[in-house]
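What follows is one structure encoded as structure tokens, with my remarks underneath.
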Amino acid sequence: EEKAAEKQAFKDVLVKTFNVTYGTDENSLESWKALCRSLRITPVPEELKACREAVQAAHVNLVDLVDHPNTGEPVQLFATEVELSEYTQESKKFFPKENAYAGGLLKYLLRHIIDPRTERGVRRTTRRRR
């Protein structure tokens with residue numbers, strides 16, 4: 001029970017650190033720009049919508065992203081969600097997908113790690129029969 005509490009506390013710290021570093025207001029252009037800079041998105045978009053789209057297209061391990069300001073190491077970007085999934089599972093650097101402290105920006109970076117999508121943004125839709 002104590003170990004479970006410690007694990008939850010660690011997850012909370014990860015999420016809170018993300019929030020302090022990058023912000024929680026999904027309407028803050030400055031927060032999005034900071035995120036773009038950390039993801040090495042160049043040039044950094046000047047408009048909110050363009051920043052969101054650039055971040056949504058990125059595949060990054062969130063534990064590494066949270067550690068980035070402390071380590072100074074560039075954050076590794078992955079070409080696909082599948083590659084990110086493989087890295088995350090091998091390194092065991094899992095970021096809590098659901099957390100009470102998660103802010104608005106964070107949801108744009110969450111990916112399917114256990115069951116990754118093969119193509120980013122492709123969703124199955126059901127068609128109505130006429």
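Placing +1 at every Lys and Arg Cβ and -1 at every Asp and Glu Cβ, with all other atoms neutral, what dipole size does the chain have around its Cα centre, in debye to the nearest 20? Don't skip to the end; give the middle numbers.
Numbers: 22 positive and 20 negative charges, 199 e Å.
With Lys and Arg at +1 and Asp and Glu at -1, about 960 debye.
To the nearest 10 square angstrom, how much accessible area does TYR87 have with a 1.4 angstrom probe?
Here the accessible area works out near 50 Å².
Quick check: residue separation of GLU47 and TYR108 times 0.36 nm, minus the Cα distance between them. What number comes out in nm? Don't skip to the answer; put the middle values down first.
On the way: separation 61, 0.36 × 61 = 21.96 nm, distance 1.62 nm.
Roughly 20.3 nm would be gained on extension.
Measuring with a 1.4 Å probe in the full set of protein chains, what accessible area per residue, in whole Å², belongs to the chain?
Value returned for the chain: 69 Å² of accessible area per residue.
Grab the beta carbon distance between ALA79 and ALA5, set R0 = 30 Å, and tell me the FRET efficiency rounded to 0.05.
Efficiency, rounded to the nearest 0.05: 0.20.
Carbon and sulfur: what percent of region 50-93's accessible surface (1.4 Å probe)?
So the carbon and sulfur contribution to the accessible surface is 47 percent.
Relative contact order of the chain, please, whole-number percent, based on alpha carbon pairs below 8 angstrom and at least 6 residues apart.
29
List the longest stretch of the chain that has no exposed loop site; here a site is one of the GluC sites (Glu not before Pro) assigned by DSSP to anything other than H, G, I, E or B, with at most 15 other Cβ within 10 Å. Intermediate results must be reported in sequence, preceding the final value.
Values: sites that count: GLU1, GLU26, GLU46, GLU47, GLU98, GLU119.
My reading of the result: 48-97 is the longest stretch.
What number, rounded to the nearest 500 deg cm²/dmol, is the helix-based mean residue ellipticity at 222 nm of the chain, given -39500 (n - 2.57) per DSSP H run of at least four residues and division by all its residues?
So the calculated ellipticity at 222 nm is -14500 deg cm²/dmol.
Taking a quarter of the surface of the Cα convex hull of region 1-98, what do you get in nm²?
Approximately 6.9 nm², given one-decimal rounding.
The values are calculated or read from the model by the stated rules, or taken from the named source; none is laboratory data. What you are looking at is a predicted structure, and each value in this text was computed from that prediction instead of being measured. Cβ: placed from backbone, ideal geometry, glycine included. Neighbour counts: every protein chain shown. What goes into the accessible areas is simple: the full protein's heavy atoms, side chains included, and nothing from ligands, DNA or RNA. Shrake-Rupley method; radii C 1.70, N 1.55, O 1.52, S 1.80 Å.
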